[in-house]
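See structure below.
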Amino acid sequence: MDNPGKAPWHLWVVGLVSLLWNAFGGYDYTMSQLRDPAYLEATMGPMGMSVDQSIAFLDSFPVWADVLWALGVWGSVAGSVLLLLRSRFAVTAFLVSLVGAILSFAYQYTIDLPPQLADNTMGKIMPMVIILAVVLQWWYARSQKAAGVLR
């Protein structure tokens, strides 16, 4: 960097894209936790699950699994905001998110999923995409911290 006090243009691009991506995760988490019927119909209906089946599935999660899910989601949202604020704590937030996401998805891989979810290709691919996205965000935040961009 030519000017160590100035943030590079890519920080704003990565930060905004990251925030938009993670805001959807926050919306999904919130609507799922609220058991919003319209949202569950829109997201789970196309996979062949009724709203009642979706609610029963979400209700089957133990509290610790919901906590891991929350850490995964809200850690990334916090990481994105902290990245835009140029805070070094973005690195820690993305790391918390990564641990929460990995453990949350590990739990989901160990339970008997409803057949509609077990046979869904997107349900198998999306966890890997999410983990990859968090790894990349964590790596980016680490590199910006090392470069002196994050304070």
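Take Ser32 and decide whether it is of a type outside the set (A, V, I, L, M) and over 18 Å from Trp69 (Cα atoms). So Ser32 fails the test.
From the residues in the stretch 1-58 that are over 18 Å from the mean Cα position of the chain (by Cα), modelled with pLDDT of 95 or more and among the acidic types (Asp, Glu), which one is least open to solvent (accessible area, probe 1.4 Å)? The qualifying residue least open to solvent (accessible area, probe 1.4 Å) is Asp36.
Between Phe57, Phe61, the distinction of being of a type in the set (A, V, I, L, M, F, W, C) and not in a helix (DSSP H, G or I) belongs to Phe61 only.
Here the helices (runs of 4 or more DSSP H) wholly within the stretch 65-151 that include at least 3 residues being buried (at least 16 other Cβ atoms within 10 Å of the Cβ) and in contact (Cβ under 8 Å) with a residue 24 or more places away in the chain are 89-110, 121-146. Scanning the stretch 23-54 for residues that are assigned to a helix (DSSP H, G or I), without any contact (Cβ under 8 Å) to a residue 60 or more places away in the chain and closer than 16 Å to Val73 by Cα yields a total of 10.
The values are calculated or read from the model by the stated rules, or taken from the named source; none is laboratory data. Because the structure is a prediction, the values reported are computed rather than measured. Here Cβ is always computed from backbone atoms with ideal geometry, including for glycine, and neighbour counts include all displayed protein chains. Protein only, heavy atoms only, side chains kept; ligands, DNA and RNA dropped before computing areas. Shrake-Rupley method; radii C 1.70, N 1.55, O 1.52, S 1.80 Å.
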